[in-house]
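**Q** Before I ask anything, let me first share the structure, which is written out below as structure tokens.
A short reminder: the numbers here are calculations on the coordinates, not readings from a lab. These numbers come from a predicted model, not from an experiment. As a convention, Cβ positions derive from the backbone with ideal geometry for all residues, glycine included, and neighbour counts pool all protein chains shown.
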Amino acid sequence: MMAIEERVEAVLRAGEAPNLHGLVVRRHGEVLVEHYGAGEDYRLGEALGHVTFDAATLHDVRSVSKSVVALLYGIALKDGLVPVPGAGLVAQFPEYPDLVADQSRAHLTIEHALTMTLGLDWDESVPYTSTANSELAMEESPDRYRYVLERPVVEEAGKRWSYCGGGTTLVGGIIARGAGRSLAEYAREVLFEPLGVGAFEWTTGDDGVPLAPAGLRLRPRDLATIGEMVLDGGRGIVPAEWLDEMLRPRVEIGANFAYGYHWYIDTGEPRKIGAHGNGGQRLFLDPSQGLVVAVTAGDYNDFGQPSTTAVMKAIEQDQERRSSR
């Protein structure tokens, strides 16, 4: 029977993951696989050219950023810097009195943003290269917070999951306001430095504000370390009680697949947890096996994410083998 590293090596030899940039697999803290590739890369829309990746190379984690924002919210909540998730959402932005007074939005809560159940007119189903994509349109607008909050209400909040980086933008703004510093500065102080993550970047918009939904850049090793912290109950950095709340299935996405607070949850047995980003960025956690998988890849705007899919298939085959023993 092939070990996990042999299965991954077979995928790489077969050329099934041509755009794999980085891969770190750990089980109970032991490194099973660490691989780096080369290829064309981008910092959001900015071309970086051909990059040869190694353990020190930062990489966009795209929407894995959202899951990190959820961790930061839990820390800020513990420190009394942000309201509870059940608090009103629009009320956190009093600079828009017309929206605060709009009774059709009064029911919206921070939790609706964290669970992507806002019920607003929002579409991220097209590539992130056009303002037909709501997140791109938000960044092109004069005021990203107002842009999200004034989207037409199209359905009852809290009922249906609909992918919305605008919600993360609002959550990131609430954290920054409560902390009195930028999201990146707060992340450095309360999460990255305590974890020993020394190198990171958080890409900003034209206004210098960190892009909460997708701007974080990390090394795969550090992405894996974040995953290990989650499996370890937060290590006193993120409250364990918050992790329980964050990772509780709250809205169904598909069969045995749900969403918590900005994290994906496979509700089958054994339960698995994930954070996903455009291009094949992935943080995958299997608590039953103490397994952490961190992937960076370059399949941007390819929703099939073939390189990551091929690698994860090999890893899942190994998991099934171990579970059947």
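**Q** Quick one: in the range 266-281, of everything that is buried (at least 24 other Cβ atoms within 10 Å of the Cβ) and assigned to a strand (DSSP E or B), which residue is farthest from the chain's Cα centre (by Cα)?
**A** GLY279
**Q** Sticking with this one: Output the number of residues of the range 75-105 satisfying the condition of being in contact with a Gly (Cβ under 8 Å, 6 or more places away or on another chain) and over 28 Å from ARG188 (Cα atoms).
**A** Counting residues in the range 75-105 that are in contact with a Gly (Cβ under 8 Å, 6 or more places away or on another chain) and over 28 Å from ARG188 (Cα atoms) gives 0.
**Q** Then there's this: Would you confirm whether any residue within the range 106-124 is over 26 Å from TRP263 (Cβ atoms) and touching a helix residue (DSSP H, G or I) at 6+ places or on another chain (Cβ under 9 Å)? Outline the logic, then answer.
**A** Filtering the range 106-124 down to residues over 26 Å from TRP263 (Cβ atoms) leaves 106.
Now narrow it down to the ones that are touching a helix residue (DSSP H, G or I) at 6+ places or on another chain (Cβ under 9 Å): 106.
Within the range 106-124 (the criterion being over 26 Å from TRP263 (Cβ atoms) and touching a helix residue (DSSP H, G or I) at 6+ places or on another chain (Cβ under 9 Å)), the answer is yes, since at least one residue qualifies.
**Q** Out of curiosity, is SER104 touching a Phe, Trp or Tyr at 6+ places or on another chain (Cβ under 9 Å) and polar (S, T, N, Q)? Lay out the reasoning, then the answer.
**A** Details: touching a Phe, Trp or Tyr at 6+ places or on another chain (Cβ under 9 Å): no; polar (S, T, N, Q): yes.
Criteria not met by SER104.
**Q** Let me ask something additional. Being in contact with a Gly (Cβ under 8 Å, 6 or more places away or on another chain) and not hydrophobic (A, V, I, L, M, F, W, C) is the filter here; which residues of the range 1-25 pass it?
**A** PRO18, ASN19, HIS21, GLY22
**Q** Then there's this: I need the full set of residues from the range 215-233 which are in a loop (DSSP other than H, G, I, E, B) and surrounded by fewer than 23 Cβ atoms within 10 Å (Cβ to Cβ), in order please.
**A** GLY215, ASP232, GLY233
**Q** Please tell me if VAL33 is more than 20 Å from the chain's Cα centre (by Cα), more than 21 Å from ILE226 (Cβ to Cβ) and assigned to a strand (DSSP E or B).
**A** no
**Q** Of the conditions (1) touching a strand residue (DSSP E or B) at 6+ places or on another chain (Cβ under 9 Å); (2) at negative phi, LEU71 fails just one. Which one is it?
**A** (1)
**Q** Same structure again: Among the listed residues LEU20, LEU32, LEU58, which satisfies the condition of being touching a Lys or Arg at 6+ places or on another chain (Cβ under 6 Å), closer than 26 Å to VAL311 by Cα and crowded, with 16+ Cβ neighbours inside 10 Å?
**A** Result: LEU58 is the single residue among LEU20, LEU32, LEU58 that is touching a Lys or Arg at 6+ places or on another chain (Cβ under 6 Å), closer than 26 Å to VAL311 by Cα and crowded, with 16+ Cβ neighbours inside 10 Å.
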